[in-house]
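Q: Sharing a structure below in structure tokens format, with a few things to ask.
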Amino acid sequence: MPTHTLNPTDSAALWHAPSQDARRIHATIPGYNPTPLRPLPGLAASLGVGQLLVKDESGRFGLQAYKGLGGSWAAARMLAREMGVDIASLASWGDVVALAKRAGRRRLVSATDGNHGRGVAWAASLLGFDCTIYMPRGSAPARIDAIRALGATVIEADGGYGAAVDAAMRDAEGDDRAWLLQDTTNPGHEDAPKWCAEGYETLFSEIDEQLDALGERAPDLAFVQIGVGTLADAMVRHLRALERWNATRIIGVEPTSAACVLESVRAGRPTRTGAGDAHATIMAGLNCHEPSLAAWDAMARGVDCFLAIEDHWAERAMRLLAGAGVESGESGGAGLAGLLALLESPDLAPARALLGAGPASRVLILNTEGATDPIGYARIIDAAAGAGRGQTPRDSGGAS
Ligand SMILES: Cc1ncc(COP(=O)(O)O)c(C=O)c1O
């Protein structure tokens, strides 16, 4: 059954307006386009909420997920530091490539469930760097192949995500010419996850412009799926710093089998949870068992409610999004899955009441990935053809 915990911390704490440096550089990377913010009125009506907006990251840089925003910006930050250059003085991605030509560290190393590693491999390919990516044993072949196709070496670790993170750190620490570009904290490697969150700011600043273009106020509820929390860190920093989002409640969503942030908030400190089983949930990108320390403060202060949900909610969310014309992978649809559970589960009635979730709610979800594992995607979508698909034809191929 789904569970929740409400955050007792005062989320009105002051935050600094996020820097637009990453957005400035991202906008000059070949292939950059803001990803769409799409209203899904048919799906909203069928779920019984006032409005549903999806920020659809499945087309970001052709990588099927938002993660390239973090990998590219963290690499730019690393290069600027190594070369003693003020990051604010860089005008374009071309300036970053110029720094890369003179850099001493020429190999990016990371661990991933799929998307972050693909973003890092892509950044390395743009910079002319070598790249080594560690993945949990038994990762989906399509996710491995997508990273290899970018020229990276992929090594399957002896275990789950935690084992891959440990292996990546050992590799990077043994080579002066390598840099660990990890989106979660490791002892002595605290900068990269912070820089990844700065990179994700680009997607939130796009949302502001897109709300203006749609003539929309900020939504009442914003869902963010959580693995180690770096994406949630970016959401909190953006939403809690800008007045237009003052009334928006932030809801973090994790798989029940890997709810490390929910458990940590209950414990009052970052806590390691679960057995680290590589395949305990289909939400591979969220299958993490320890929060990133770099993201902990923002999540502990700024997320209003944490939900833990089972896989069947994610499967249904994928099918509903497919029916609305949005391609969404297992972790990609987890925000919508959290909304479904919040609206429907008797176990979440207290959270539903406290968040005021219902017919008047205007909701933001992030579709953070497309069908990165096409075999798994087809199995889930086809398994219930008709059960969710096609329920909301008014949204199919709709506005962007
Ligand atoms: C598709 C997708 N969504 C969300 C997340 C969660 O991001 P984070 O680990 O920063 O919490 C991930 C992480 O890999 C992911 O792959």
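The values are calculated or read from the model by the stated rules, or taken from the named source; none is laboratory data. From a predicted model like this one, the values you see are computed outputs, not experimental measurements. Because the Cβ atoms are built from the backbone with ideal geometry, glycine has one as well, and the counts that use them run over all protein chains shown.
Q: Quick test for you: out of E156, E190, pick the one residue that is within 21 Å of the chain's Cα centre (by Cα) and either surrounded by fewer than 24 Cβ atoms within 10 Å (Cβ to Cβ) or in contact (Cβ under 8 Å) with a residue 12 or more places away in the chain (or both).
A: Just a single option satisfies the conditions, and that option is E190.
Q: Okay, next question. Please verify whether E198 is within 13 Å of the ligand (Cβ to nearest atom), farther than 23 Å from E263 by Cβ and either surrounded by fewer than 19 Cβ atoms within 10 Å (Cβ to Cβ) or charged (D, E, K, R) (or both), treating the condition exactly as stated.
A: yes
Q: Hey, among the residues in segment 219-246 that are among the charged types (D, E, K, R) and more than 16 Å from the ligand (Cβ to nearest atom), which one's farthest from D21 (Cα to Cα)?
A: Here the answer is D220.
Q: Regarding I251, is this residue at negative phi, within 15 Å of the ligand (Cβ to nearest atom) and either part of a strand (DSSP E or B) or surrounded by 23 or more Cβ atoms within 10 Å (Cβ to Cβ) (or both)? If you could, list the steps in order and put the result at the bottom.
A: On the way: at negative phi: yes; within 15 Å of the ligand (Cβ to nearest atom): yes; either part of a strand (DSSP E or B) or surrounded by 23 or more Cβ atoms within 10 Å (Cβ to Cβ) (or both): yes.
The answer is yes for I251.
Q: What about R143, is it part of a helix (DSSP H, G or I), in contact with a Ser or Thr (Cβ under 7 Å, 6 or more places away or on another chain) and more than 19 Å from T184 (Cα to Cα)?
A: Values: part of a helix (DSSP H, G or I): yes; in contact with a Ser or Thr (Cβ under 7 Å, 6 or more places away or on another chain): yes; more than 19 Å from T184 (Cα to Cα): yes.
So R143 passes the test.
Q: Any residue at all in segment 177-189 that is touching a strand residue (DSSP E or B) at 6+ places or on another chain (Cβ under 6 Å) and modelled with pLDDT under 95?
A: Yes, that holds for at least one residue.
Q: Would segment 276-293 turn up any residue that is more than 21 Å from G114 (Cβ to Cβ) and in contact (Cβ under 8 Å) with a residue 60 or more places away in the chain?
A: Yes - at least one qualifying residue is present in segment 276-293.
Q: Mind checking which pairs have a first residue in segment 314-338 that is more than 23 Å from M1 (Cα to Cα) and within 16 Å of the ligand (Cβ to nearest atom) and a second that is part of a loop (DSSP other than H, G, I, E, B) and of a type in the set (A, V, I, L, M), Cβ under 7 Å, 6 or more apart or different chains?
A: Pairs that qualify, where the first residue is more than 23 Å from M1 (Cα to Cα) and within 16 Å of the ligand (Cβ to nearest atom) and the partner is part of a loop (DSSP other than H, G, I, E, B) and of a type in the set (A, V, I, L, M), are E327/A371.
Q: Residue check: is W296 modelled with pLDDT of 95 or more, within 14 Å of the ligand (Cβ to nearest atom), assigned to a helix (DSSP H, G or I) and not β-branched (V, I, T)?
A: Considered against the rule, which asks whether it is modelled with pLDDT of 95 or more, within 14 Å of the ligand (Cβ to nearest atom), assigned to a helix (DSSP H, G or I) and not β-branched (V, I, T), W296 comes out as yes.
Q: Just to check your reading of the model, which residue among S19, S46 is within 19 Å of G356 (Cα to Cα) and surrounded by fewer than 21 Cβ atoms within 10 Å (Cβ to Cβ)?
A: Testing whether each residue is within 19 Å of G356 (Cα to Cα) and surrounded by fewer than 21 Cβ atoms within 10 Å (Cβ to Cβ) leaves just S46.
Q: Filter segment 299-312 down to residues that are away from the ligand (no atom under 15 Å from the Cβ) and either within 15 Å of A259 (Cβ to Cβ) or in a loop (DSSP other than H, G, I, E, B) (or both), then give me how many there are.
A: The qualifying residues number 3.
Q: Another question, if that's okay. In segment 380-389, is there at least one residue being modelled with pLDDT of 95 or more and either away from the ligand (no atom under 14 Å from the Cβ) or outside any loop (DSSP other than H, G, I, E, B) (or both)?
A: Yes, segment 380-389 has at least one match.
Q: Only one of E216, E290 is surrounded by fewer than 24 Cβ atoms within 10 Å (Cβ to Cβ), within 12 Å of the ligand (Cβ to nearest atom) and assigned to a loop (DSSP other than H, G, I, E, B). Can you tell me which?
A: Residue meeting the stated conditions: E290.
Q: If we scan segment 77-96, do we find a residue that is crowded, with 24+ Cβ neighbours inside 10 Å and in contact with a Cys (Cβ under 8 Å, 6 or more places away or on another chain)?
A: no
Q: Please work out which one of (1) free of Cβ contacts under 8 Å to residues at least 60 places away in the same chain; (2) over 30 Å from L364 (Cβ atoms); (3) away from the ligand (no atom under 16 Å from the Cβ); (4) not aliphatic (A, V, I, L, M) is the condition R177 fails and give its number.
A: Answer for R177: the failing condition is (1).
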